[in-house]
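Inspection log for the structure reproduced underneath, given as structure tokens.
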Amino acid sequence: MNVRNETFMRFGVRPAPEKALKRENSCFGAFLMYLIHLNNAFLNILKKISMAKIKYIEFSGAEHEIDVSSGLTVMEGAIKNKIPGIDADCGGACACATCHVYVAKEWIEKLPPKEDSEEDMLDFAFDVKDNSRLSCQITVSDELDGLVVNMPEKQF
């Protein structure tokens with residue numbers, strides 16, 4: 001088995017048969033068949049990416065429950081889904097406090113502890129509480145499925 005086939009098999013995708021690629025009359029036809037197969041393989045891989053459901057609650061009480069891919073941050077999930085209330089001015093570099101959220105009490109212990117840089121940035125956040133976190137510092141995983149975060153009245 002060659003390296004290309006091993007890569008496909010690792011993701012549970014059956015590679016295109018070599019003879020199917022050789023059966024085409026032209027290089028272009030074989031190339032098109034190969035691209036179609038790669039597209040199907042890519043779609044199968046995407047189906048296997050795990051997601052966690054995160055509930056964002058605006059200060060007004062409006063709720064947004066979305067699926068966020070594991071590996072993204074809670075902030076990235078909000079920005080990609082246009083959730084109002086998380087500005088993320090620094091883009092997730094932990095250099096501002098405009099992604100400040102309040103984590104639901106039942107989830108506090110399930111998150112990793114705050115690092116010093118996060119504590120420092122929270123000094124600039126509005127109405128900081130014991131359950132305050134910067135959403136750019138919370139990486140989504142399967143364990144965070146069902147996480148609930150509330151937004152403060154304002155960000156700055």
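Take the residues in the stretch 114-156 that are more than 19 Å from Glu58 (Cβ to Cβ) and touching a helix residue (DSSP H, G or I) at 6+ places or on another chain (Cβ under 6 Å), then tell me which one is surrounded by the most Cβ atoms within 10 Å (Cβ to Cβ). Within the stretch 114-156, the match that is surrounded by the most Cβ atoms within 10 Å (Cβ to Cβ) is Gln137. Tell me whether the stretch 100-107 contains one or more residues that are surrounded by 12 or more Cβ atoms within 10 Å (Cβ to Cβ), out of contact with any Cys (no Cβ under 6 Å at 6 or more places or on another chain) and basic (Lys, Arg). No, the stretch 100-107 contains no residue that is surrounded by 12 or more Cβ atoms within 10 Å (Cβ to Cβ), out of contact with any Cys (no Cβ under 6 Å at 6 or more places or on another chain) and basic (Lys, Arg). Listed by first and then second residue, the pairs linking a residue in the stretch 79-90 that is farther than 14 Å from Asp67 by Cβ to a residue that is in a loop (DSSP other than H, G, I, E, B) and acidic (Asp, Glu), with Cβ atoms under 8 Å apart and 6 or more places separating them unless they lie on different chains, are Pro84/Glu58; Gly85/Glu58. Among the residues examined, Tyr56 qualifies as surrounded by 16 or more Cβ atoms within 10 Å (Cβ to Cβ), under 11 Å from Val149 (Cβ atoms) and touching a His at 6+ places or on another chain (Cβ under 8 Å). Leu111 passes every criterion in (1) farther than 19 Å from Asp87 by Cβ; (2) surrounded by 13 or more Cβ atoms within 10 Å (Cβ to Cβ); (3) in contact with a helix residue (DSSP H, G or I) (Cβ under 7 Å, 6 or more places away or on another chain) apart from (3).
Of the residues making up the stretch 59-86, those that are surrounded by fewer than 16 Cβ atoms within 10 Å (Cβ to Cβ) and of a type in the set (Gly, Ala, Ser) number 6.
Hand me the list of strands (runs of 3 or more DSSP E) wholly inside the stretch 41-156 holding 3 or more residues that are under 20 Å from the mean Cα position of the chain (by Cα).
Working: elements: 51-57, 63-69, 100-103, 132-134, 148-150.
The qualifying strands (runs of 3 or more DSSP E) are 51-57, 63-69, 100-103, 148-150.
Listed by first and then second residue, the pairs linking a residue in the stretch 116-140 that is touching a residue at least 24 places away in the same chain (Cβ under 8 Å) to a residue that is part of a helix (DSSP H, G or I) and among the basic types (Lys, Arg), with Cβ atoms under 8 Å apart and 6 or more places separating them unless they lie on different chains, are Asn131/Lys105. For Ala78, all conditions in the list (1) modelled with pLDDT of 95 or more; (2) on the phi > 0 side of the Ramachandran plot hold save one; what is the number of the exception? Among (1) modelled with pLDDT of 95 or more; (2) on the phi > 0 side of the Ramachandran plot, Ala78 violates only (2).
The values are calculated or read from the model by the stated rules, or taken from the named source; none is laboratory data. Since this is a predicted model, take the numbers as computed values, not measurements. For neighbour counting, all protein chains shown are included, and Cβ atoms are generated from backbone atoms with ideal geometry for every residue, glycine included.
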